[in-house]
Amino acid sequence: EKHTITSLKIFGELNGTDIKFIRKNMVKCGSTETFGALKILDLSEATIVEGGDAYYNSYTTENNVLGNRMFEGSATLESVILPKNITTIESYVFFDSNLSEITIPESVETIESGAFCRCNLSEITIPEGVKTIGDNAFYNIENLKSVSIPQSVTSIGREAFGYHRGIDVYIKDLRKFLEACISENRIFTPKNDGVYYRLFLNNVEVKDLIIPA
């Protein structure tokens, strides 16, 4: 029945062999060699550990890390709840996937480059605790409408939220937000001339700014 399961909650430890099984038999990842219909994956009670086979090409698992390209190209996954103890979401984990809902735990500190690039999210809540958002982390998400960025973020990479039709950006501290952006260029870039970006400070839209001397 592994090819037909649409919703799954996993408990306990997952190593490379386990992830490889899920990729090849339950989550259709674009290749003709993979099969499956899994739409909802709840890993909230699971722990990713090192060991086992390479789950994709030469990529192997590390303790408490959602590894490079782990679910890249998934045509079936729509909703994922990540493990409670994950500290890092590595590059291109959900690149070019059908993902439309993600629950990121407060244990995450780093979201690396391209992690959610070209997925199907409509809104993103980045939890307090995340410090680094890499280049292109949320690039070219066609349906993205809003993103909430916490005060803990100290660095936002180039084009992290680039190539969108328009996003509402929610922040709590303007100074910290600007400091996170200051070392990079083009954090937010439009998809065309009709794109708009709106900034909300503590849920109030910022329409006027007074810049001191």
J(HN,Hα) series, segment 97-113, from Karplus relation 6.51 cos²θ - 1.76 cosθ + 1.60, nearest Hz, glycine and proline x: 10, 8, 4, 10, 8, 9, 10, 9, x, 6, 6, 6, 10, 9, 10, 7, 4
According to the square roots a ≥ b ≥ c of the eigenvalues of the Cα gyration tensor, what is the shape class of segment 70-110, taking rounded for a/c under 1.5, prolate for a/b larger than b/c otherwise, and oblate for the remainder? oblate
Could I have the simple spin-label model distance between ASN202 and THR189, label points 7 Å from Cα toward Cβ, reported in nm to one decimal? 3.4 nm
For segment 1-160, please report how many Lys pairs fall under 13 Å Cα to Cα, leaving out neighbours fewer than 8 apart on the same chain. 6
Listed residues ASP173, ASP135, ASP96, most fluctuating in the chain (Gaussian network, C-alpha, under 10 Å): ASP173
Rounded to the nearest whole Å², what accessible area per residue is found for the chain with the 1.4 Å probe? 51 Å²
Segment 27-90: translational diffusion in µm²/s, Stokes-Einstein, Kirkwood Rh over Cα pairs, 37 °C, 0.692 mPa s: 262 µm²/s
Which of rounded, prolate, oblate describes segment 1-113, given a ≥ b ≥ c as roots of the alpha-carbon gyration tensor eigenvalues and a/c under 1.5 marking rounded, otherwise prolate only if a/b is larger than b/c? rounded
In deg cm²/dmol and to the nearest 500, what is the mean residue ellipticity at 222 nm of the chain if only DSSP H runs of at least 4 residues count, each as -39500 (n - 2.57), divided by the residue total? -2500 deg cm²/dmol
Residue farthest toward the positive end of the dipole of the chain, with Cβ of Lys/Arg at +1 and Asp/Glu at -1: which of SER152, ILE40, HIS164? HIS164
If contacts are Cα pairs under 8 angstrom and at least 6 residues apart, what is the relative contact order of the chain in percent? 12 percent
Mind checking segment 115-213 for trypsin sites (Lys or Arg not before Pro) that DSSP puts in a loop (not H, G, I, E or B) and that have at most 10 other Cβ atoms within 10 Å? LYS207
Please state the shape class of segment 1-48: rounded when a/c is under 1.5, otherwise prolate if a/b exceeds b/c and oblate if not, all from the C-alpha gyration tensor. oblate
Step through the residues of segment 34-39 one at a time and calculate ³J(HN,Hα) from phi using the Karplus curve (6.51 cos²θ - 1.76 cosθ + 1.60, θ = phi - 60°), rounding each to whole Hz and writing x for Gly and Pro. 10, 9, x, 9, 5, 9
The chain, Cα convex hull volume normalised per residue, Å³: 120 Å³
Would you mind calculating the gained length between GLN151 and HIS3 on full extension (0.36 nm times residue separation, minus the Cα-Cα distance), in nm to one decimal? 49.1 nm
Taking 0.36 nm per intervening residue step and subtracting the Cα-Cα distance, what contour gain separates LYS172 from THR17 on full extension? 51.7 nm
Choice from VAL195, VAL49, VAL80 showing the highest fluctuation, given a GNM over the chain with Cα pairs closer than 10 Å: VAL195
Quick check on segment 79-152: what does the Kirkwood estimate of hydrodynamic radius come out to from the alpha carbon pairs, in Å? 12.0 Å
Run the dipole for the chain about the Cα centre, Lys and Arg Cβ at +1, Asp and Glu Cβ at -1, nothing else charged, and hand back the magnitude in debye, nearest 20. 400 debye
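The values are calculated or read from the model by the stated rules, or taken from the named source; none is laboratory data. Please read these numbers as outputs of a predicted model, since none were measured by experiment. Reconstructed Cβ throughout: ideal geometry from the backbone, glycine too, with neighbour counts over all protein chains shown. Keep in mind that these areas ignore ligands, DNA and RNA; they rest on the heavy atoms of the full protein, side chains included. Shrake-Rupley method; radii C 1.70, N 1.55, O 1.52, S 1.80 Å.
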